[in-house]
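Working notes, structure below.
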Amino acid sequence: MSDSSFSQPSRSHPDSLWQALARLIRLPNQTGTLLLLFPTLWSLVLASKGQPSFQLLIIFICGSFLMRSAGVIMNDLADRSFDRQVRRTQQRPLAKGTLTPLQAWGFLGFLLGIAAVFLYLLNPFTRWLGPIAVILAAIYPFCKRFLHIPQIVLGVAFGWGTIMAWTAVTNHLAFSTWLLFAATISWAVAYDTIYAIQDMEDDRRIGVKSSALFFGPYLWLGVSLAILVMLACLSMTGYLLGLGIGFFACLIVSAGIMGHQIIRLRSSVNPKEAFIMFQQHNWVGAILLLGTYLGHLT
């Protein structure tokens with residue numbers, strides 16, 4: 001369906017433009033930013049042995065917001081024709097026509113420019129890793145056209161922050177870094193499969209692929225396997241880094257939250273319930289972040 005079949009974006013007063021830009025980056029809903037940020041902070045805390053510098057905390061908190069915002073713009077630019085056909089996404093600014101693609105590209109360039117400034121403050125090794133994050137964010141939206149589990153690519157994109165945070169502290173990579181990376185990928189497959197429940201009917205109708213459709217009646221099992229891999233990688237990370245009981249206690253609590261979700265997934269889950277379950281993963285991320293601190297104290 002061509003863009004020309006829809007009304008052109010309105011040229012109203014500046015306030016409406018700012019509101020559209022805020023909606024474009026999902027400013028009222030920062031769940032995605034937190035899901036990107038938490039694994040990055042796990043890595044930052046673990047690499048610094050529980051004492052991350054204030055400067056690095058600020059850089060990666062701001063960087064997570066900027067890169068998540070840039071990521072959703074790239075997603076909406078790639079998917080605007082799909083978004084018009086999905087009930088949940090029909091009101092997005094690019095799909096609805098309240099922003100032009102040119103305006104979105106301009107805002108994307110602005111956000112990436114600010115992100116580049118923060119990247120420049122990091123060591124050379126981490127700077128070289130930065131452009132890969134942009135490439136991964138750009139690739140992900142197209143993966144749902146041909147990959148049955150595009151959530152894996154989303155996990156790689158979100159997990160790249162763990163790699164960059166580790167090298168920002170240590171200037172090298174370790175086996176524990178890759179374990180955190182793998183844990184983040186698996187976690188993203190789990191929570192984004194739950195998120196994809198919201199759009200299963202529309203995705204099936206328009207031919208978009210997702211792990212929720214791929215797993216079908218075994219969705220609970222697919223989420224279970226992803227969570228088991230996540231917990232195994234985090235447990236091994238804690239063991240290799242010599243973390244104390246505080247870390248493993250928080251790991252058990254987070255496992256309990258996700259285990260309860262798996263039980264619920266064995267029955268029918270409506271879109272509203274799926275979104276609430278998706279948001280609960282922010283608690284999982286926060287509890288595990290607490291564990292990375294407590295693991296160095298106990």
*Once you put a point 7 Å from the Cα of THR298 and another 7 Å from the Cα of GLN85, both along the Cβ direction, what distance in nm separates them?*
5.1 nm
_Of (1) 237; (2) 217; (3) 120, the label for volume of the Cα convex hull per residue in Å³ derived from the coordinates_ = (3)
*Given 15 as the ceiling on other Cβ atoms within 10 Å, longest exposed-site-free region of the chain for trypsin sites (Lys or Arg not before Pro) in DSSP loops*: 146-265
_Hits among aspartates and glutamates - C-alpha to C-alpha of LYS96 under 15 Å, sequence gap 8 or more where chains match_ = ASP3, ASP76, ASP79, ASP83
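Which shape class, rounded, prolate or oblate, goes with region 110-239 when its Cα gyration tensor gives a ≥ b ≥ c as root eigenvalues, a/c under 1.5 marks rounded, and past that a/b bigger than b/c marks prolate?
oblate
Can you give the extra length, in nm with one decimal, that the chain gains between ARG145 and ALA22 once fully stretched, where that is 0.36 nm per residue apart less the Cα-Cα distance?
Roughly 41.6 nm would be gained on extension.
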*Net +/- balance of residues flanking ALA115 in space, Cβ distance below 15 Å, scoring K and R +1, D and E -1*: +2
*May I ask you to compute the full-extension gain from VAL117 to GLN279, defined as 0.36 nm times their residue separation minus their alpha-carbon distance, rounded to one decimal in nm?*
55.3 nm
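So which chymotrypsin sites (Phe, Trp or Tyr not before Pro) in region 70-173 pass both tests, a DSSP loop state and at most 14 other Cβ atoms within 10 Å of the Cβ?
Passing both the DSSP loop test and the Cβ count: PHE146.
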*Express in whole angstrom the spacing between the alpha-carbon centres of region 151-221 and region 79-147.*
17 Å
*Roughly what would the spin-label model give for TRP105 and PHE175, points 7 Å off Cα along C-beta, in nm?*
4.7 nm
_As a test of the formula, what do you get for the chain when each DSSP H run with n ≥ 4 contributes -39,500 (n - 2.57) and the sum is divided by the residue count, at 222 nm and rounded to the nearest 500 deg cm²/dmol?_
-25000 deg cm²/dmol
*Toward the positive end of the charge dipole of the chain, about the Cα centre and with charges on Cβ (Lys, Arg +1; Asp, Glu -1), which of CYS143, TRP178, LEU221 goes farthest?*
CYS143
_Local electrostatic count at ALA196 - Lys and Arg +1, Asp and Glu -1, tallied over other residues with Cβ under 12 Å_ = -1
_Additional length obtainable on full extension of the chain from ILE61 to ILE206, 0.36 nm per residue less Cα span_ = 48.6 nm
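Any read-out appearing in this document is the output of simple, stated calculations on the displayed coordinates, not a laboratory observation. This one's a predicted model, so the numbers in the text were calculated from it and none came from an experiment. With ideal geometry, Cβ positions are generated from the backbone for all residues, glycine too; neighbour counts draw on all protein chains shown.
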